[in-house]
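Written out below as structure tokens is the structure these notes cover.
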Amino acid sequence: MLDKTFLKRYIVGFHERDFSGIIPRELRVEAIPNRATVIIGPRRAGKTYYLLSLVDKENPERYLYVDFEHPIFHPMTPTDFLAVLDAYHELYPKIKHPIVMLDEVQAVPDWERIVRYLLDGGYTVYITGSSSKLLSREVATHLRGRSLTYTLLPLSFREFLRFKRVDYRGRDFYRNYTQISRLLEEYLHYGAYPEVALSSEGVKDNILKDYLDVLIKKDVLERHRIKNIHLLNELLYFSLHSYSKYVSFDSLYRLFKGRLKVTKRTIANYFSYLEEAFALFLVRKYERSPKARIVAPRKLYLIDTGLSIFGSKDLGRDMENVVFLELLRRTSGNPAMKVTYWKSSQGHEVDFVISEHGRVNELIQVSVKTIDEKTRRRELLALLHASEKLGCEKLTLITLDEEGIEDISLYGMKGRVKMVPLVKWLLGLSTGFEE
Ligand SMILES: Nc1ncnc2c1ncn2[C@@H]1O[C@H](COP(=O)(O)OP(=O)(O)OP(=O)(O)O)[C@@H](O)[C@H]1O
Ligand SMILES: [Mg+2]
């Protein structure tokens, strides 16, 4: 039985908390009656802080926040939770339905019973927890149509600048241009975990190492009881060296089979565990035929470019990875939107194809610089080929510094390409060349 005095001290303690250090994030969630709002995402992305940021600072007593990893809640059963609700109602008899926030919910066995009980009673419920046990698939099955899930990724560049207290809107962009350019370098190099952004240069490596270790140990090894640790390490090593590149399970299999105990199935499984744990994403090729889509190689992107300091760094690949993560943020509110890549049989490649219900909206190419005439031609030619093949006229080339609109004509193909510097694209700033 939970001690009521402890519970009341805990509940009131939350209401006295200093919320001033919490920096607002961009993610917008909408609480819907009868459905729990679930925040998922990689470890350390800021899920707990995000919940706290939703608290109305003028009326914190309207919230019942429970961190199930707090020692006073151990051990706990769904029935014990009634004592927590009782304690709250005794403290605040006038508030019939507090907004309930359940953090680290995976620590309670059968936690979904608590959530269903609260929803049936008319409470608004927010849930988050550690990614290892609170993955979207599981939440969906446990709550059977009674949840809406949102994903919180590490910081966008706009949020990153907010964390650094640097303004970029209007004239501030030009006023703070030198600082913003330097911060873009930091963003590409050390990535976008909130704590890494806030920490001093000397400790960033250590924090990232710790994040990577916990992610692999807790969310992949322990969760799936993996025996072939050596293979997992090899795949991780490969990923940290080959992000923003193609990955083919077949060629990895051929690479490892002489040296390690391995099957193609195991390689595919381990990659799916890494994806499930939000360590990486495997992007599919844009193909109309489902069969061709399945057999095509994928492109690999990391959850955070900071992690690649333990692999091999490359500015062009960091840029492409950062663009991918931003596209994920921009499309995540719309399940009909997909981000894929394109490659023709002659080898022309386009980094990103943005489509909605299968119709292509935009083609995006990312390249560090296109001063070199050969590179420039290659990137533009691929865009024109894809434009013709996929019936899309919105063509974008993101580089470090090129800006403008160019009408291109090559081999009888024509197209209008918008050139956007990465910094402006990430910040969503107008280039002055809008149609
Ligand atoms: N909005 C924010 N404002 C200020 N600092 C933040 C914010 N979000 C995250 N942080 C920093 O990042 C750290 C990790 O954030 P948080 O604990 O919210 O992550 P989490 O996703 O809940 O992690 P876990 O999966 O381990 O529970 C915090 O301790 C804090 O230092
Ligand atoms: Mg947390």
**Study point:** Potential extension, HIS74-THR375 segment - 0.36 nm per residue separation minus Cα distance
**Key:** 102.3 nm
Revision key, fill the gap. Extension length gain for ASN228 and SER20 (0.36 nm per residue less Cα distance), in nm, is 70.3 nm
Check your understanding: Can you give the Kirkwood hydrodynamic radius for the range 113-166, in Å, rounded to one decimal and based on Cα pairs?
Key -> 13.5
Point to revise | Contact order normalised by residue count of the chain, Cα under 8 Å, 6+ apart, percent | key: 12
Review point. Once you put a point 7 Å from the Cα of SER345 and another 7 Å from the Cα of ARG254, both along the Cβ direction, what distance in nm separates them?
Key: 2.1
Revision key, fill the gap. Compactness check, the range 156-282: C-alpha Rg relative to the 2.2 N^0.38 Å globular estimate gives 1.35
Study note, to complete from the structure: D (µm²/s, integer) via Stokes-Einstein for the range 328-413, Kirkwood Rh across alpha-carbon pairs, 20 °C, 1.002 mPa s: value 158
Review point. How about LYS389: which lysines have a C-alpha closer than 29 Å to its C-alpha, ignoring those fewer than 8 places off in the same chain?
Key: LYS245, LYS285, LYS291, LYS299, LYS338, LYS343, LYS369, LYS374, LYS414, LYS418, LYS424
**Study point:** Positive-end residue of PHE281, HIS97, VAL247, charge dipole of the chain with Cβ unit charges
**Key:** VAL247
Check your understanding: Running Debye on the range 4-151 with equal point scatterers at the Cα sites and no solvent, what base-10 log of I(q)/I(0) appears at q = 0.16, 0.22 Å⁻¹?
Key -> -0.86, -1.75
**Study point:** Evaluated over the range 10-83, the Cα radius of gyration and Dmax, each in Å
**Key:** 13.7, 36
Check your understanding: Loop-only check: which GluC sites (Glu not before Pro) in the range 107-169 are DSSP coil with at most 12 other Cβ within 10 angstrom?
Key -> none
Check your understanding: Excluding VAL125 itself, what net charge comes from residues whose Cβ is under 10 Å from its Cβ, given Lys and Arg +1 and Asp and Glu -1?
Key -> +3
Study note, to complete from the structure: The answer for the net charge of residues other than GLU356 whose Cβ lies under 13 angstrom from its Cβ, with Lys and Arg +1 and Asp and Glu -1, is +3
**Study point:** Loop sites in the range 38-70: GluC sites (Glu not before Pro), DSSP, at most 12 other Cβ within 10 Å
**Key:** GLU58
Review point. When averaged across all projection directions, what area in nm² does the alpha-carbon convex hull of the chain cover?
Key: 24.0
Check your understanding: Can you give the extra length, in nm with one decimal, that the chain gains between LEU91 and VAL166 once fully stretched, where that is 0.36 nm per residue apart less the Cα-Cα distance?
Key -> 22.8 nm
**Study point:** Counted charge near ASP250, where neighbours are those whose Cβ lies closer than 11 Å (Asp, Glu -1; Lys, Arg +1)
**Key:** +3
Review point. Where does helix 177-190 land angle-wise versus the long Cα axis of the chain, in degrees 0 to 90, nearest 10?
Key: 80
**Study point:** Debye, to nearest 20: dipole size of the chain, +1 on Lys, Arg Cβ, -1 on Asp, Glu Cβ
**Key:** 1400
Practice item. For every helix of n ≥ 4 consecutive DSSP H residues, a contribution of -39,500 (n - 2.57) applies; sum these over the chain, divide by its total residues, and give [θ] at 222 nm rounded to the nearest 500 deg cm²/dmol. Key: -11500 deg cm²/dmol
Study note, to complete from the structure: Output for the range 248-313: trypsin sites (Lys or Arg not before Pro) sitting in coil per DSSP, at most 11 other Cβ within 10 Å, listed by number, reads ARG259, LYS261, ARG288
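Since every read-out is calculated from the coordinates, none of them should be taken as a lab result. Please read these numbers as outputs of a predicted model, since none were measured by experiment. Every residue, glycine among them, receives a Cβ derived from its backbone with ideal geometry; neighbour counts consider all protein chains shown.
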